[in-house]
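Note sheet for the following structure.
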Amino acid sequence: MSELSSLPPQFFVGLSLVAGLLIGSFLNVVIYRLPRGESLVFPGSRCPSCGHAVAPYDNIPVFSYLWLRGKCRSCHTPISARYPAIELLTGLLFAAIAWRYGFAPMTLVWQLFAATLVAAAGIDFDHQIIPDEISIGGLVAALVVVPLVRGFTGVAFVPALIDSLLGALLGGGLLWIVGFAHARVSVALGREFEHWPGEGEALPKPSESDYWLWFPGIGLGDIKLLAMIGAVQGVMGVLPTLIAASVAGLVSGLAWAAVTRRFNAPFGFAPAIAAGALLVLLLPPLL
């Protein structure tokens, strides 16, 4: 470890870039397979069109896509440009985090945190869901790993654990309050939504769990994701993340409305939450 820390910062940044490209290739698998309930390990990478197994030399992040000119070697079907985009995005995020925080105990945690956010954003963009394996799994992992790793920076385990716990409660709690209040105001104003409560379904009553957990515009997965983010970033990172995510959500919502030509078209909020969390992570603090 001491030998690595003595190397030039550019070496660590470059190493992080390569690692991020490789992790990004795996994230493409996660984004495609996890919501479908498929194994992330078996079978190996295959062309979704012809089922031909992708050879290792055709599975090099970004470069193989460029070498093959964006087409399957076997059936010549075009490959979505999102695959190299996810790889490149993850690589650049890993490099930026390495540059921002240097060779430090929390740097690897921040990089894995960024990878988790990319996976959540990709899945939510495609399916408007955030799997519990990512939100709840990430939350549990954060509550264990973050206090332990922060211990290497001189923070005692118990205060670090309390900070993560309070961050999770604050993150999930704030978004739950927003969703619950929006649902109650919407009902009072008689507003109708295409996806809530659903065609032919009655509005949930206080005696039903959906009354407390099912809201228009904000899904329970978003709440759990922000709780996970709070567990990683701590109390001080939650509010800036929520503000940044709200701005990103407004921009992306307007863009989505322009694309679909509908102002009530549903879209996933996780990409905006991820963008807000990453901005807070990478930009210098305002105070």
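Just so you know, all these numbers are worked out from the coordinates, no wet-lab data involved. This is a predicted model, so every value here is computed, not measured. Neighbour counts are summed over all protein chains in view; Cβ atoms, including those assigned to glycine, are modelled from backbone coordinates with ideal geometry.
Extending 7 Å from the Cα toward the beta-carbon at both residue 18 and residue 191 defines two label points whose distance is 5.1 nm. Per residue, the convex hull spanned by the Cα atoms of the stretch 105-287 amounts to 130 cubic angstrom. Are there chymotrypsin sites (Phe, Trp or Tyr not before Pro) in the stretch 222-268 that DSSP marks as loop and that have at most 10 other Cβ atoms within 10 Å, and which are they? Taking the stretch 222-268 and a limit of 10 other Cβ atoms within 10 Å, the loop chymotrypsin sites (Phe, Trp or Tyr not before Pro) found are 263. One decimal place: the segment residue 213-residue 29 gains 63.2 nm when fully extended, by the rule 0.36 nm per residue minus the C-alpha distance.
Mean separation of Cα pairs under 8 Å and 6 or more residues apart, divided by the residue count, gives the stretch 58-133 a relative contact order of 19 percent. Of the trypsin sites (Lys or Arg not before Pro) found in the stretch 193-287, the ones in coil according to DSSP and having at most 15 other Cβ atoms within 10 Å of their Cβ are 261, 262. By definition, a body whose alpha carbon gyration tensor gives a ≥ b ≥ c is prolate when a/c is 1.5 or more and a/b is larger than b/c, and the stretch 1-120 fits this prolate description.
Maximal additional length on extending the residue 60-residue 153 stretch stands at 29.9 nm, based on 0.36 nm per residue less the C-alpha distance. Its relative contact order, with pairs defined as Cα atoms under 8 Å and 6+ residues apart, puts the chain at 19 percent.
Charging the Cβ of each Asp and Glu at -1 and of each Lys and Arg at +1, and nothing else, the dipole of the chain about its Cα centre rounds to 580 debye.
Here the contact order of the stretch 1-103, divided by its residue count and restricted to Cα pairs under 8 Å and six or more residues apart, works out to 45 percent.
Rounded to the nearest 0.05, the FRET efficiency derived from the C-beta distance between residue 41 and residue 181 at R0 = 45 Å is 0.60.
How many nm is it between the label spots at residue 81 and residue 243, if each spot is 7 Å from the Cα in line with the beta carbon? If labels sit at residue 81 and residue 243, their model points lie 3.5 nm apart. The stretch 67-133 and the stretch 164-229 have Cα centres separated by 29 Å.
Working note: 222 nm ellipticity from helices only, DSSP H runs with n ≥ 4, each -39,500 (n - 2.57), summed and divided by the residues of the chain, gives -22000 deg cm²/dmol to the nearest 500. A Cβ-based charge dipole, computed about the Cα centre of the stretch 1-123 with Lys and Arg at +1 and Asp and Glu at -1, lands at about 400 debye.
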